[in-house]
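Asker: Got a structure for you, written out below as structure tokens; questions coming shortly.
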Amino acid sequence: MADLAFDLAAPLAARLREAVDVEGKLPRALLALGLPAAGDVALLGDPDGWQAARLAAAGIAVRVEPLAEPFRIDRPDGSLDALVSLWSGFRGVEAAARDEADRVLRAGGRLLVVHDYGRDDVSALRPADAPEYASWSRRDGPFLHDGGFRIHVVHCFWTFLTLEQARELLAEAFDERGVAVGARLRRPRLSWNVAIYHRTRPAA
């Protein structure tokens, strides 16, 4: 789904959202990396999504654009100050997708792409060979080498009220992997590192 890195059933996703980044580090990092609090900003994803609401609560007004295949944004040329993609978009970097983002961005506009980074507790819930944890963040990978992005890693958490609550949700949502991760916890939170790949639209 567009506003979480995991595709979960709706009840489980709702419970997980209550624990994810309760400190609001991700919206603050997006602002620090050039997402304007005022301006023409588009978010790729679900119009009713949780992250759109989080950004709005942080004072960032966004208009949500649906993900489409092939990648196309229904906006005029040079009409956006920033474009944000959360997890589902820019699965690696295709030249056509980057060009489409550049088309709708004004010169100097910002493209901010959010994916999991790994090296944390949450990464144990997914296969070890997930590209987010391997090729994407390498200097010779699709974002940093071919895509012209820079990377900023935000050290976030999944924070639960109790250790028992954390273990219960992890087991229900992630089966054997969740049980194993829960058994290793000694406090009711998981470390969660998020990569924001960011670039500025060239003037020409």
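Rule-based calculations on the coordinates, nothing more; no lab input. Everything numeric in this text was worked out from a predicted model, so none of it was measured. Neighbour counts are summed over all protein chains in view; Cβ atoms, including those assigned to glycine, are modelled from backbone coordinates with ideal geometry.
Asker: Could you give me the percent of Cα pairs per 10 Å distance bin for the chain, shortest bin first, beginning at zero and ending with the bin that holds the maximum distance?
Answerer: Reading upward from the zero bin: 8, 35, 35, 17, 4, 0.
Asker: May I ask you to derive the FRET efficiency for D146 and L31 from their Cβ-Cβ distance with R0 = 30 Å, giving the value to the nearest 0.05?
Answerer: Details: r = 27 Å, r/R0 = 0.91.
My answer for the efficiency is 0.65.
Asker: Which whole-percent values make up P(r) of segment 144-193 when all C-alpha to C-alpha distances are grouped in 10 Å steps starting at zero?
Answerer: 24, 40, 15, 18, 2
Asker: I'd like the Karplus ³J(HN,Hα) series for segment 130-144: coefficients 6.51, -1.76, 1.60, θ = phi - 60°, whole numbers in Hz, and an x wherever there's a Gly or Pro.
Answerer: 4, x, 4, 9, 10, 5, 4, 9, 7, 5, 9, x, x, 7, 7
Asker: Can you give the extra length, in nm with one decimal, that the chain gains between A53 and A68 once fully stretched, where that is 0.36 nm per residue apart less the Cα-Cα distance?
Answerer: 3.3 nm
Asker: Which residue, W87, I73, L105, has the largest displacement toward the positive end of the dipole of segment 73-113 when charges sit on each Cβ (Lys, Arg +1; Asp, Glu -1)?
Answerer: Toward the positive end, the furthest listed residue is W87.
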